[in-house]
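**Q** Could you have a look at this structure, given as structure tokens, before my questions?
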Amino acid sequence: MRFAAAGRHCGRRVPGPRGSGGAAGAREAAGAPAGTREAGGIPAGAGGGADAPTDSVAAHASDPTDPVAAHAPDPADAARILLLHAAGADAATVERLYAHGSGAERRAVLFALPCLELGAEAVPLVEDALRANDTRLIAAAVGPYAARHLDAHAWRHAVLKCLFTGVPTAAVAGLEDRARGDTELARMLTDFAAERTAAGRPVPADLHHVLALTGVTGVTTPSASAPSAPSALSAPTGPGSTASPAARTGTPLPEEP
């Protein structure tokens, strides 16, 4: 089956690993009871335990009022993820599929990364997705694979990218563990909050949550109701321009959508 067509066959039986007896075998091989399925139609435990692509985002998909649900894998994603998992796609294959795929196909590749034995070879795909402004692509990029393989600098900027674009931080796999004790992340968050306040924009509620997860004391974020000022994000650059708080502290912000 062609990868692009997988979404149109999502109701059919999808083969599992060789000799496993199909999708049920894939679930059993991962330690999940046969017949168990997660939201989005992806087998529970596909890829194994905490690395399953459904652990962070898709767990919210059953609640239509949950803001994370908009970024959860859909049945077409599920079919493509299972196809990649069953085929044991290597780094060259996923790179080719990502490079030539549609937005939906790229998202499925990102969701599938934790299920594949690629090591850090697919990190450039995650980094590419984080440069985009497609929120569903960003949400797929910050899953378990990113939690495992992004270095500290890239991961911190991935968190800020979520805050900037409105992707719920519940989509960020391993957020609690990686944020704990991260003083640099706490500094970046306070700088970002100051930047938003100076621009007269609201500070995302998730920012306060992530800051609390760092456990860093002695830092405060500006009130979202503070008096507005000319936007530092849209201020001109060059001679005579006024640098933003983030620029003065050396913290680059994600590109504005």
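**Q** Is it the case that some residue within the stretch 119-136 is modelled with pLDDT under 95, within 10 Å of the chain's Cα centre (by Cα) and buried (at least 22 other Cβ atoms within 10 Å of the Cβ)?
**A** Yes; the residues of the stretch 119-136 include at least one that is modelled with pLDDT under 95, within 10 Å of the chain's Cα centre (by Cα) and buried (at least 22 other Cβ atoms within 10 Å of the Cβ).
**Q** Quick check on this structure: which one of PRO53, PRO73, PRO64 is at pLDDT below 90, outside any helix (DSSP H, G or I) and either farther than 15 Å from ALA173 by Cα or not assigned by TED's automatic domain parsing to the domain that holds ALA139 (or both)?
**A** Values: PRO53 fails: either farther than 15 Å from ALA173 by Cα or not assigned by TED's automatic domain parsing to the domain that holds ALA139 (or both); PRO73 fails: either farther than 15 Å from ALA173 by Cα or not assigned by TED's automatic domain parsing to the domain that holds ALA139 (or both).
Going through PRO53, PRO73, PRO64 in turn, the sole match is PRO64.
The values are calculated or read from the model by the stated rules, or taken from the named source; none is laboratory data. What you see is a predicted model; the values in this text were computed from it and never measured. Note that each Cβ is placed from the backbone with ideal geometry, even for glycine, and that neighbours are counted across all protein chains shown.
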